[in-house]
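Asker: Pasting a structure here, questions to come.
The values are calculated or read from the model by the stated rules, or taken from the named source; none is laboratory data. All values reported here derive from a predicted model rather than from experimental measurement. All Cβ positions, glycine included, derive from the backbone under ideal geometry; neighbour counts span all protein chains shown.
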Amino acid sequence: MASERLTEYERKRLENIKRNDELLASLKIKSKLADLSSAAKRHSRPETKSYKVSPEKKARLETPIVIRRSLRTQGKAPDSAGLKHDFTEPSKKSITLKSQIIPNQSARERAPISMRDANICAESDESLVNKILSVCNENGDRKVRVRGSIDLDSMELVPENVARVVPNRILSVKFLPSPDLRMVVVGNKFGNLGFWNVDSENEEDGGGGGDGIYMYHPHPSPVSAILIQPFSLNKIITSCYGGLVRSLDVEKQTFDLVYSSEDAIFSMFQKHDDVSNLYLGEGHGVVSIWDQRSAMSSFSWDLHDSRINTIDFNPENTNMMATSSSDGTACIWDLRKVGKSKPSSLRVITRERAVHSAYFSPSGDRLATTSLDDKIGVLSGANYEDEFMITHNNQTGRWLSSFKSVWGWDDSYLFVGNMKRGVDVVSTEEKRIVSTLESPHMTAIPCRFDAHPYNPGMLAGATSGGQVYIWTL
């Protein structure tokens with residue numbers, strides 16, 4: 001009865017199934033599939049043979065597999081120990097009283113270098129040498145800088161006072177201290193020293209250097225400081241992060257080696273009444289005094305916990321020294337009271353982050369500090385006990401030189417770069433930024449400055465692109 005209820009379609013389907021089963025049975029496909037399945041199971045079983053593994057191979061097999069993970073995924077700070085040209089502060093080292101010639105410094109780095117061999121521009125330097133020597137005798141009586149007030153609104157930047165003096169970042173800039181010459185000396189990140197005679201285009205320049213720019217390579221690393229004494233213009237002293245101090249003798253046309261250290265030299269200064277001793281900020285917070293006459297270190301003090309960014313002396317009392325450091329402090333020292341074993345400071349100024357500069361005012365009555373915590377501080381009073389601070393954006397980042405505010409020609413104004421391609425002017429009387437020097441000719445951010453010691457109103461600003469801008473009245 002069931003078959004009678006099937007439809008025609010279902011009846012045909014059952015017939016096809018039956019016919020297919022009969023075909024498979026005749027071909028014995030199901031039995032062959034069973035044989036293949038049992039054979040596969042036999043081959044998958046491991047052999048029971050024993051193998052003798054060598055100790056070397058066994059150790060290799062037992063070595064755990066280590067999965068590499070980045071420091072970021074492990075929550076650790078990046079490691080820069082292997083980076084080249086990284087001029088951060090070195091590790092703390094023992095203090096020595098004599099300079100050392102470092103084995104890994106090449107013979108060229110240690111030997112005197114002639115200006116001709118160091119010259120890396122196409123122009124002859126005959127005109128530069130003659131110009132500097134011509135003002136040396138005229139400048140013999142000048143010892144201290146000129147003081148005077150200026151009219152900020154009269155300061156201007158003209159196209160003729162803009163030039164690219166060296167390639168890349170400028171770390172140091174100085175006017176040649178002569179009232180009769182507008183010449184700027186700069187040092188850059190590559191160890192180059194650049195000279196710019198601003199007035200060369202207005203003079204008869206038969207010795208080459210028609211644009212007044214000359215460039216030399218006396219150092220293997222960034223130039224950290226430039227010193228030029230007004231009573232010795234023919235001796236230009238420079239230091240570098242590579243631990244070398246050189247003196248350019250313009251008359252002999254030679255870069256002589258003055259000092260060599262195993263530590264980086266981050267800062268250097270001289271008292272204006274002492275041409276013999278160099279004060280060097282070396283390594284991890286050490287200040288050394290190098291006597292050029294005896295070629296020996298007379299003192300060496302461990303003053304800070306990190307690199308010393310600036311050294312400065314009170315112009316009225318050269319026994320007073322100020323230092324700024326990346327350890328977040330600036331200190332005032334009386335050299336008459338600094339002992340050999342445990343120096344003590346007269347005043348410690350503490351900031352939240354690195355202090356990039358600490359400079360005495362022209363009268364010596366005030367001290368200005370610039371720090372990475374976006375503060376510019378000014379201290380005054382008999383013992384520098386009074387202080388006011390203003391907020392200023394000092395976050396220059398990795399590719400710009402740090403801001404360092406400098407004094408003008410009296411105790412009234414400080415000049416510091418800003419991130420909008422201008423120069424902020426801080427009034428110490430009004431205790432605020434009162435003006436900003438701006439110009440369409442300034443196409444980069446000025447970071448380092450120097451005020452001409454004998455021409456009030458003449459201010460040089462240097463950038464991380466190698467340009468120099470000179471503001472004048």
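Asker: Give me the pairs, please: first residue somewhere in the stretch 438-454 and touching a residue at least 24 places away in the same chain (Cβ under 8 Å) and charged (D, E, K, R), second residue anywhere and surrounded by fewer than 18 Cβ atoms within 10 Å (Cβ to Cβ) and not in a loop (DSSP other than H, G, I, E, B), beta-carbon distance under 6 Å, and either six or more positions apart or on two chains.
Answerer: Sorted first by the residue in the stretch 438-454, then by its partner, the list stays empty.
Asker: Limited to the stretch 403-430, what total is found for residues that are touching a residue at least 60 places away in the same chain (Cβ under 8 Å) and among the small types (Gly, Ala, Ser)?
Answerer: Of the residues in the stretch 403-430, 2 are touching a residue at least 60 places away in the same chain (Cβ under 8 Å) and among the small types (Gly, Ala, Ser).
Asker: To continue, here is another question. Against the condition out of contact with any His (no Cβ under 8 Å at 6 or more places or on another chain), surrounded by fewer than 16 Cβ atoms within 10 Å (Cβ to Cβ) and on the phi < 0 side of the Ramachandran plot, how does ASN319 come out, does it pass?
Answerer: yes
Asker: State which residue is nearest to THR369 (Cα to Cα) when the search covers only the stretch 288-309 and only residues that are in contact with a Ser or Thr (Cβ under 7 Å, 6 or more places away or on another chain), of a type outside the set (Ser, Thr, Tyr) and crowded, with 20+ Cβ neighbours inside 10 Å.
Answerer: Of everything passing the filter in the stretch 288-309, ASN309 is nearest to THR369 (Cα to Cα).
Asker: While we're here: Given the conditions (1) in contact with a Leu (Cβ under 8 Å, 6 or more places away or on another chain); (2) surrounded by 15 or more Cβ atoms within 10 Å (Cβ to Cβ); (3) closer than 24 Å to ALA322 by Cα, which single one is not true for SER464?
Answerer: (3)
Asker: Quick one: what pairs do we get from the stretch 382-393, first residue in contact (Cβ under 8 Å) with a residue 24 or more places away in the chain, second among the small types (Gly, Ala, Ser) and in a strand (DSSP E or B), C-beta under 7 Å, 6+ apart or different chains?
Answerer: Final answer for the pair search is GLU387/GLY377.
Asker: Checking ASP327 against (1) touching a residue at least 24 places away in the same chain (Cβ under 8 Å); (2) farther than 25 Å from GLY408 by Cα; (3) surrounded by fewer than 16 Cβ atoms within 10 Å (Cβ to Cβ), which single condition isn't satisfied?
Answerer: In the conditions (1) touching a residue at least 24 places away in the same chain (Cβ under 8 Å); (2) farther than 25 Å from GLY408 by Cα; (3) surrounded by fewer than 16 Cβ atoms within 10 Å (Cβ to Cβ), ASP327 misses (3) alone.
Asker: Go through (1) more than 30 Å from SER306 (Cβ to Cβ); (2) free of Cβ contacts under 8 Å to residues at least 40 places away in the same chain for VAL287 and report which single condition fails.
Answerer: In the conditions (1) more than 30 Å from SER306 (Cβ to Cβ); (2) free of Cβ contacts under 8 Å to residues at least 40 places away in the same chain, VAL287 misses (1) alone.
For every residue, the table says whether it meets (1) of a type in the set (Lys, Arg); (2) at pLDDT 80 or above; (3) touching a Phe, Trp or Tyr at 6+ places or on another chain (Cβ under 9 Å); (4) closer than 23 Å to ASP273 by Cα.
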site: ASN104; (1), (2), (3), (4): no, no, no, no
site: ARG116; (1), (2), (3), (4): yes, yes, no, no
site: ASN119; (1), (2), (3), (4): no, yes, yes, no
site: VAL129; (1), (2), (3), (4): no, yes, no, no
site: ASP141; (1), (2), (3), (4): no, no, yes, yes
site: ALA163; (1), (2), (3), (4): no, yes, yes, no
site: VAL166; (1), (2), (3), (4): no, yes, yes, no
site: LYS174; (1), (2), (3), (4): yes, yes, no, yes
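Asker: Still on this structure: Here's a check for you: in the stretch 159-185, which residue that is among the β-branched types (Val, Ile, Thr) and closer than 16 Å to PHE403 by Cα is surrounded by the fewest Cβ atoms within 10 Å (Cβ to Cβ)?
Answerer: VAL173
Asker: Could you grab me the full set of residues in the stretch 418-439 that are within 22 Å of the chain's Cα centre (by Cα) and outside any strand (DSSP E or B)?
Answerer: Scanning the stretch 418-439 gives MET419, LYS420, ARG421.
Asker: Go through the stretch 237-275 and report how many residues are touching a residue at least 24 places away in the same chain (Cβ under 8 Å) and in a loop (DSSP other than H, G, I, E, B).
Answerer: Qualifying residue count, the stretch 237-275: 16.
Asker: Hey, another quick one. Of the conditions (1) within 15 Å of ILE311 (Cα to Cα); (2) modelled with pLDDT of 95 or more, ILE390 fails just one. Which one is it?
Answerer: The number of the failed condition is (1).
Asker: Looking only at residues that are under 18 Å from ASN192 (Cα atoms) and among the charged types (D, E, K, R) in the stretch 116-134, which one is surrounded by the fewest Cβ atoms within 10 Å (Cβ to Cβ)?
Answerer: Applying the filter and picking the extreme gives ARG116.
Asker: Now, a different point. Hey, any hits in the stretch 338-352 for a residue that's out of contact with any Pro (no Cβ under 6 Å at 6 or more places or on another chain) and in contact (Cβ under 8 Å) with a residue 60 or more places away in the chain?
Answerer: no
Asker: For the stretch 179-195, check the following and say yes or no: at least one residue is within 22 Å of the chain's Cα centre (by Cα) and modelled with pLDDT under 95.
Answerer: Within the stretch 179-195, none of the residues are within 22 Å of the chain's Cα centre (by Cα) and modelled with pLDDT under 95.
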